[in-house]
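The values are calculated or read from the model by the stated rules, or taken from the named source; none is laboratory data. Predicted model, so just to flag it, every value in this text is computed and none were measured. Neighbour counts run over all protein chains shown; Cβ positions are idealised from the backbone, glycine included. We work out accessible area using only protein heavy atoms, side chains counted, and drop any ligands, DNA or RNA first. Shrake-Rupley method; radii C 1.70, N 1.55, O 1.52, S 1.80 Å.
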Amino acid sequence: MVLKLYGNAVSPCTHRVALVLNEKEVPFEFHSIEFAKIEHKSPSYLEKQPFGQVPYIEDDDGFILYESRAIALYIATKYPDQGTKGLVPTDPKANALFHQAVYVEVTHFDDPAAKVTFEKNVKPKYFKGPVDEAYIEKLSNTLDAKLSVYDKILEKQKYLAGEELTLADLYHLPYGVQLAPIGIKNLVEKPNVSRWFKELEERKSWLDVKKTFNIQ
Ligand SMILES: N[C@@H](CCC(=O)N[C@@H](CS)C(=O)NCC(=O)O)C(=O)O
């Protein structure tokens, strides 16, 4: 049995899991959960993912797991010697710096990036809702302030947790790539952030995610 990824083709959290599966060269079967049919809120779906969100995985032995970053960590630690190595440092200090970087992404980047993407892209496209430009400006300013701190960190080191690529860097890709196309240029306008992010975007694992999910 092959690992099954239950998600949605337009969901950045689904893309995050697929990205790490690609990095670790783990084959998977994608099962689409249809948002339009509200499949993710059905009683049978909630048995697997009680918060009614995508993604979740069913591993080849039937093990079920949700939360994209928890899935990524599980895959990276289950296959330490397969695909890209070192995505989760094992040395205690390097591991602590890795977790520091993971929390930086979750607390400082994910929230404003997800909200601005929703307001500017998802809301008008899928919910025909009015776009709140003042809210977008506020979120963009928040991202700008946060990414200015990133720029200082990345002036001194190659990646967010030090000199080696980790999952924490990869976690930024799915929302990060959506910012510039909707006019939020903070990632590309800061020299060190831009250098870091460009390298991430060019990884084969991400180019394959783009192909699989038809991301422009
Ligand atoms: N922290 C969760 C977030 C999951 C999440 O926000 N999923 C979104 C798609 S990226 C979703 O299912 N949205 C539909 C909904 O919340 O109803 C993860 O990383 O897996």
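So which of Glu34, Glu25, Glu47 is in a helix (DSSP H, G or I) and acidic (Asp, Glu)?
Testing whether each residue is in a helix (DSSP H, G or I) and acidic (Asp, Glu) leaves just Glu47.
So which helices (runs of 4 or more DSSP H) are wholly in region 124-216 and hold at least 2 residues that are more than 21 Å from Val26 (Cβ to Cβ) and at pLDDT 95 or above?
Here the list reads 133-156, 173-179, 191-201.
Can you tell me which residue in region 1-39 is least open to solvent (accessible area, probe 1.4 Å), limited to those that are without any contact (Cβ under 8 Å) to a residue 24 or more places away in the chain and within 12 Å of the ligand (Cβ to nearest atom)?
Glu39
Taking the stated definitions as given, is Glu105 open to solvent by 70 Å² or more (accessible area, probe 1.4 Å) and either touching a helix residue (DSSP H, G or I) at 6+ places or on another chain (Cβ under 8 Å) or not polar (S, T, N, Q) (or both)?
When the stated conditions are applied, Glu105 does not pass them.
Do any residues in region 60-73 that are of a type in the set (Lys, Arg) have Cβ atoms under 8 Å from those of residues that are part of a helix (DSSP H, G or I) and within 13 Å of the ligand (Cβ to nearest atom), where the two are at least six apart or on different chains, and which pairs are they?
Listed pairs, sorted by first residue: Arg69/Arg16; Arg69/Val102; Arg69/Val106; Arg69/Leu167.
Within the bounds of region 187-201, is there any residue that is under 17 Å from Thr14 (Cα atoms) and among the hydroxyl-bearing types (Ser, Thr, Tyr)?
Among the residues of region 187-201, not one is under 17 Å from Thr14 (Cα atoms) and among the hydroxyl-bearing types (Ser, Thr, Tyr), which makes the answer no.
Scan Glu163, Glu133 and give me the residue that is acidic (Asp, Glu), within 28 Å of Ala72 (Cα to Cα), loosely packed, with under 12 Cβ neighbours inside 10 Å and without any contact (Cβ under 8 Å) to a residue 60 or more places away in the chain.
So the residue among Glu163, Glu133 that is acidic (Asp, Glu), within 28 Å of Ala72 (Cα to Cα), loosely packed, with under 12 Cβ neighbours inside 10 Å and without any contact (Cβ under 8 Å) to a residue 60 or more places away in the chain is Glu163.
For Gly62, indicate whether it is under 19 Å from Arg203 (Cβ atoms) and more than 12 Å from the ligand (Cβ to nearest atom).
no
Determine which member of the set Lys48, Lys24 is more than 20 Å from the chain's Cα centre (by Cα) and not assigned by TED's automatic domain parsing to the domain that holds Tyr171.
So the residue among Lys48, Lys24 that is more than 20 Å from the chain's Cα centre (by Cα) and not assigned by TED's automatic domain parsing to the domain that holds Tyr171 is Lys48.
Give me a count of the residues in region 76-95 that are more than 19 Å from Leu21 (Cβ to Cβ) and open to solvent by less than 60 Å² (accessible area, probe 1.4 Å).
Number of matching residues: 3.
Which of the residues belonging to region 180-204 are within 17 Å of Leu160 (Cβ to Cβ) and in contact (Cβ under 8 Å) with a residue 40 or more places away in the chain?
Listed by number, the residues that qualify are Asn186, Leu187, Lys190, Pro191, Asn192, Val193, Arg195, Trp196, Arg203.
Could you run through region 52-75 and say how many residues are β-branched (Val, Ile, Thr) and surrounded by fewer than 20 Cβ atoms within 10 Å (Cβ to Cβ)?
1
Take region 65-85 and flag every residue that is part of a helix (DSSP H, G or I), away from the ligand (no atom under 12 Å from the Cβ) and either within 19 Å of the chain's Cα centre (by Cα) or polar (S, T, N, Q) (or both).
Tyr74, Ile75, Ala76, Thr77
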